Amino acid sequence: MKAKLILGLVFIVNLAFSQDRKPVLGADFNKYVAEMEAYYANRDKGRGSGYKQYMRWHHEMATKVGVSGLIKNFEALNQTAYDKSKVIFSKNTKVQATHGLWEDLGPSDYYSSDAASNSSLCRTTCIAFHPTNANILWVGTPVGGLWKTTDHGGSWNCITNDFASIGISDVVVNQTNPNIIYVLTGDGDSGQTSSIGVMKTIDGGLTWKNTGLNFTPDQNKNPFSLKMNPVNPDILIAVFRQNVYRTSNAGDTWIPVVTISDITDPIEEWAWDLEYKPGDPSIVYLVCSLGILKSIDGGLSFSPSNSGFPTDPSHPTNPKNWDRLSVSVSAATPNVVYVLASGVPGSGIFSGLFKSTDSGATWIRMSNSPNILGYDNGGNDAKGQTGYNVSMDVNPGNANQVFVGSINCWKSDVSGATGTWSRETNYNRTFGAVDPFVHADWHNIKFKGARLYACTDGGVYFTDDFGNSWSDISSGLGATQFYNIDILGANYIGGTQDNGTNEGTIGNPQMHNIEAGDGFGAIWHKTNSNIKFITTQNSITRRQDGNNWTLISGDGQFWNCTLKNATNTNQIFFGIQDKTKLIRANPINDVTINMYSFYNCNNSTLGSGQLMGYSQGTNNPSVMYVAHFYNILKTTDIYNATPSSWTVLPQPSTGITYDDIIVDPANSQRVWVVCNAYVAGKKVYKSIDGGNTWENISGTLPNVPILTIELVETGGDKLYIGTSIGIFYRSSIMADWVYYSNALPNVKVEDIKLTSTHIYAGTFGRGIWRSELYSSCPPTLALTPANETVTNIFAPGTQVHSAGVSLTSTRQYTGSVGTNINYNATNFVDLKEGFEIKKDGYLEVKNKGCPD
C-alpha cells in the first residue's frame, strides 16, 4: 500500500538567487531575468550575494530557451536528439564522419604558482565507495558524467560516455553486488542541468539503461539525493526539488511518497536531503522546506517531526522557511540525528546545528555561531551561499564529531556546541599555511570508515586524520568546464567555470592556473606571444607581458566576456554578453605602457537580448557582424571613434534565436550564423550578400543548440559547428552535415579553434579535445595499430572509417559494450589477421563509399 504526503505553505518571496528562487518548468525566462536584474541593480554582486550562481544559470539557459522563453527539461531534449541521431548515423553513411579521430588533451592535472589563484582542476558533486576494495571509488560531476578509479585516484575513467552532456547529483552502489550502480542525473545544486531520471547499470558501467523513473522535456526536475536501503538494495529513495520517489523493485517502478506543494508561488518548493537510521531502515529522515519529516515505514509515508525546531513567526504552525537543510547520522549512536540549517532564503548564513538524541522526536539547537558557512576565515561575516552548496557528515565511529563543508570545512568534536567549531581548511591560498588549502564550494562530504572525502568545485579531496591534513586525488579527472579557449602553436589558454583561467602545453596533461574565479575569454596578442589577455567575472580584464600582470580598466561588472584580435590592427574587441556591448580596446603601446582606451560600440540600434557572437571582415575590416539573441546586426564603420552605426539585418526565419556568427575572410559579404535553442530544421544559415538574404543549410542536423561556428580560411566553405552533443562538419561539395565526433564525448562544445592541421574543441565538462581536420576520403585505407597516434583509439565510442575503393584493418578494439565501429568501402572491406573487437562491441561493414 502506498501513501503520499502533500504539503503546502506560503513563503516570503526573496529574489536573491538561492535555492528558493530557481525557476521551475514552464517559467518565463525573460520575465525572471527582468526581476533578477532589477533586484541586483543597486545591490552588492559579490560573494554571498547569489549573483555569480545566477549568472552561470543565466548563461546556460540563454542558449536553450529560444523565442518562447519557457524553461523545459533541456537535458531530456538533448538525450532524445542524441538517441535519434545515433539511429540516423548508423543507417546512413552520408551523414557520418569518415575522417579525424578526437584525442583527449586534458587537462587532467594542474599546478598553481600564483598564491592568489585558488583554482584547482574540475567540479565534482558526489562520491560512492566499493564495499570491500578501498581503492575503488566513483565520483560524479555536474556535466561530465560519472568517473571511476581503481587505484584511489591514481587514474580515472569516465563510464558514462554514451550520456548526452549529463550531470550526476548522486551515485549509489549495491554493497552486495558492486556491478549494480544507480546514478541520479542532473545537477540540482547549480540548476544548470535538469535530471533525465535515475539511470542504472548491472555490469559496472559498460551499459546503462533507464529505470522506471525517467523524465520527458515537459518534466523539469532538480535532483539532490539518492539513497539505498542498507538492508534491501532493491529499495531506493530519490529526492528531487518537489518530489520524493521510492522504488522497491530495483528501479523498475517508482512511486511518489512526498510531494511538496506551494499553493502561492511554484518557484519556492524544496526537498533536499535524506538519511536512513543506522541499524533500522524502517526509519528515514527527510529535510525539506517544511523542516524535518520522518518515516517509520521505510519511506512509504512521512510525517513532520519538528518538536523544538524553529517556526516561522508569521506562520506559527509551519517551520521556518530555510535556505537549505542537511541531515546526517552516525552508526556509533543510531538514535542521534543532526540537521544543519542555513538562514532565510537568500542569506545562506549559518542558522544552527540541531541535534536529536531520540531519533528525531525532539530537537535542540547546539549552536548558531560562528558563521561556519561564510567566507571569513574566522566565521565573522554574514554571508554564505547554501542556496548553491552545503554538506555535512558525522563520524561513523564517533557521533559527537561533526564536519560541515560549504566554503571551507569546519569541525566540532562536541556535537557542534557553541565555541567548539574549528576551521579545518582554507579556500584561499593567501591565508597562509595554518590550515591546508582545499578548493571552495563543498557539494558532498562523506565518511568511508575513518577516512573523510570531500567533493568540491575544485575536485576530490580526503583526510585520514580528521581534517588536520588533506590530499587531492583529482588527477586524471578530465571534467574541466571550459567557456573559451585559444591555441598558439603547442600551447593553449582558456577560461573555465570555478577554476579560473588556465594555460598549458599540448601533450602535457597538467594545466597551470593563472587566475581564479570563473574564467572567460582568453587570447594571445596576434603579433606578440608574450602578451595575453584574460577575463573573469567582476570586470577583471588583465594583460600579461612576460610574468607581469596588469589590471586593465573595465566596464563595470560583466559576465562571459569574449575576446578577439582585430584583423588589421593591434586592437582587440571585447564582447560583453550580459551587457549587450561590443568594446574596442586600443593599446597605446603594446609592450611598455599597460594602458588601454575603450570605445563602446553599443547604441540603441544594437537591439535587445544578449550579445552572443561577433565576427570582423578581413578583406574589409570596417565590416563587423554581431549576433544578438534576437537579431543579427552589421556595421561598415567599426573603427569610428564615436559609436558605430548599426543596421538590423533581415531575419533568416521566424522563431529563432542566434548564438555565433562567422565571416568569410576573403569576402565580407559572405557570412554564416548559427541558432541555439530547440527549433527543428533551423540551425545554420548562410548569406552571400552581406546578410540581406539567407539560405537555410541546416540539413539533417539534430534538434539541439548550435553554440559555435568556425570556417577554414582556405576556401571551399569548410565549416565546423559545436553543439550540445558534439561537432559537425560540412563543405561546399557536401550535400549535408557529417557528425565529426569520432571518439569525442557527447558533450557541450562551447568553443572551437582551428589551426592549419587540427581542430580544437573547448568543452563544458570534458576539457579540451583535438582532431585532425576533415580531409578528402582516400581511395584505399589501411588501419593498423602502428599508424594510429591517438591514445584513446580503443576506448568505447563510435568510430567511422571510409574509403572510396577498399579498406583493410588489423586494429584491436579493447572496449566492449559501447564500442561501435563502422567500416565503409565501395569494393571491399578486409579484416586481416590481428583484427579484434571485444565481445559485446559492435562492428558494421558496408559496401558504400565516401560521403564526399
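Full-extension gain between T569 and V648, please, as 0.36 nm times their residue separation minus the C-alpha to C-alpha distance.
Working: separation 79, 0.36 × 79 = 28.44 nm, distance 2.59 nm.
Extending this stretch completely gives an extra 25.8 nm.
For A490 and T527, what does the FRET efficiency come to when R0 = 22 Å and r is the distance between their Cβ atoms, rounded to the nearest 0.05?
On the way: r = 19 Å, r/R0 = 0.85.
After rounding to 0.05, the efficiency reads 0.75.
What range in the chain is the longest one free of GluC sites (Glu not before Pro) that are in a loop by DSSP and have at most 13 other Cβ atoms within 10 angstrom?
Working: sites that count: E713, E788, E833.
For GluC sites (Glu not before Pro) (loop position, at most 13 other Cβ atoms within 10 Å), the longest site-free span of the chain is 1-712.
Given the C-alpha centroids of the range 700-720 and the range 628-662, what is the distance between them in whole angstrom?
Going from one Cα centre to the other spans 19 Å.
What are the equivalent ellipsoid semi-axes of the chain, built from the alpha-carbon gyration tensor (square roots of five times its eigenvalues), in whole angstrom, biggest first?
Values: eigenvalues 381, 211, 127 Å².
Over the Cα atoms of the chain, the semi-axes work out to 44, 33, 25 Å.
What is the local net charge at P652, summed over the other residues whose Cβ is closer than 15 Å to its Cβ (Lys, Arg +1; Asp, Glu -1)? Walk me through the intermediate numbers first.
Values: positive: K634, R670, K682, K683, K686; negative: D659, D660, D689, E695.
So the surrounding residues net to +1.
Cross-link partners among lysines for K355, C-alpha distance below 19 Å, same-chain residues fewer than 8 apart left out?
The qualifying lysines are K277, K294, K320, K411, K446.
Can you give me the convex hull volume of the Cα atoms of the range 384-533, divided per residue and expressed in Å³?
Values: hull volume 18.8 nm³, N = 150.
So the per-residue hull volume is 125 Å³.
Give the cysteines in the chain for which no other Cys Cβ lies under 4.7 Å away, or write none if there are none.
Cys with no partner Cβ under 4.7 Å: C122, C126, C158, C288, C409, C455, C561, C601, C675.
List the relative contact order of the chain as a percent without decimals, with contacts defined as Cα pairs under 8 Å and 6+ residues apart. Intermediate results must be reported in sequence, preceding the final value.
Details: 2540 pairs, mean separation 97.9, N = 852.
Once normalised by length, the contact order is 11 percent.
Rank A62, S351, T810 by how far each Cα sits towards the positive end of the charge dipole of the chain (+1 on Lys, Arg Cβ; -1 on Asp, Glu Cβ) and give me just the farthest.
Of the options given, the answer is A62.
Could you do me a favour and compute the accessible area per residue for the chain, 1.4 Å probe, result in Å²? Write out the running numbers ahead of the final one.
Working: 28470 Å² over 852 residues.
It amounts to 33 Å² per residue over the chain.
Excluding residues fewer than 8 places away in the same chain, name every one of the aspartates and glutamates whose C-alpha is closer than 18 Å to that of K227.
Here the aspartates and glutamates satisfying the reach criterion relative to K227 are D170, D187, D189, D252, D273, E275, D280, D297, D393.
For a quick size check, give me the Cα extents of the range 174-237 along its three principal axes, largest first, whole Å.
34, 23, 19
Out of the total accessible area of the chain (probe 1.4 Å, heavy atoms of protein only), what percent is carbon and sulfur? Please report the intermediate quantities before stating the final value.
Values: 14310 of 28470 Å².
It is 50 percent, rounded to a whole number.
Express the Stokes-Einstein translational diffusion coefficient of the range 725-766 in µm² s⁻¹, to the nearest whole number, given a Kirkwood radius over alpha-carbon pairs, 10 °C and a viscosity of 1.306 mPa s.
Values: Rh = 11.3 Å.
This corresponds to a translational diffusion coefficient of 141 µm²/s.
Where does the longest stretch of the chain lie that holds no trypsin sites (Lys or Arg not before Pro) found in a DSSP loop with 11 or fewer other Cβ atoms within 10 Å?
Working: sites that count: K2, K839.
Free of exposed loop sites, the longest segment is 3-838.
So which aspartates and glutamates can K848 reach, going by Cα to Cα under 15 Å and dropping same-chain residues fewer than 8 places off?
D830
Quick one: if the Förster radius is 25 Å, what FRET efficiency do N468 and N508 give, using the C-beta to C-beta distance and rounding to 0.05? Don't skip to the end; give the middle numbers.
Numbers: r = 32 Å, r/R0 = 1.30.
It comes to 0.15.
For S68 and A38, FRET efficiency with R0 = 25 Å and r from the beta-carbon atoms, rounded to 0.05? Could the numbers behind the result be given before it?
Details: r = 22 Å, r/R0 = 0.88.
Efficiency at R0 = 25 Å is approximately 0.70.
Rounded to the nearest Å, what's the spacing between the alpha carbon centres of the range 374-407 and the range 105-178? Just the number, please.
Computed from Cα coordinates, the inter-centre distance equals 22 Å.
Grab the other residues whose beta carbon is less than 11 angstrom from that of T618, score K and R as +1, D and E as -1, and report the net. Display every interim value, and only then the final one.
Working: positive: none; negative: D664, E713.
Taking every Cβ under 11 Å from that of T618, the sum is -2.
Quick check on the chain: helices-only [θ] at 222 nm, where DSSP H runs of length 4 and up contribute -39,500 (n - 2.57) each and the sum goes over total residues. Nearest 500, please.
Value at 222 nm, helices only, nearest 500: -1500 deg cm²/dmol.
Please report the antiparallel percentage of DSSP beta bridges with both residues in the chain, rounded to the nearest 5. Spell out each step's value before the answer.
On the way: 184 of 214 bridges.
DSSP beta bridges in the chain are roughly 85 percent antiparallel.
Any idea how far apart N133 and N827 come out in nm if each label point goes 7 Å out from Cα toward Cβ?
Output for this residue pair reads 4.8 nm.
Show me the three semi-axes of the equivalent ellipsoid for the range 651-735, from the C-alpha gyration tensor (sqrt of 5 times each eigenvalue), largest first, rounded to whole Å. Display every interim value, and only then the final one.
Working: eigenvalues 71, 46, 23 Å².
Square roots of five times the eigenvalues give 19, 15, 11 Å.
Tally Lys and Arg at +1 and Asp and Glu at -1 over the other residues with C-beta under 12 Å from the C-beta of I136: what net charge comes out? Can you show the working numbers first?
Working: positive: K148, K448; negative: D151.
So the environment of I136 carries a net charge of +1.
How far apart, in nm, are two points set 7 Å out from the Cα along the Cα-to-Cβ line at L206 and at N692?
If labels sit at L206 and N692, their model points lie 6.2 nm apart.
Could I have the simple spin-label model distance between D413 and I364, label points 7 Å from Cα toward Cβ, reported in nm to one decimal?
So the label points at D413 and I364 sit 2.1 nm apart.
The values are calculated or read from the model by the stated rules, or taken from the named source; none is laboratory data. Model, not experiment: these values are computed from the prediction. Virtual Cβ from ideal backbone geometry, glycine too; neighbours counted across all protein chains shown. Each accessible area value is taken on the protein alone, full model and side chains, heavy atoms only, with ligands, DNA and RNA left out. Shrake-Rupley method; radii C 1.70, N 1.55, O 1.52, S 1.80 Å.
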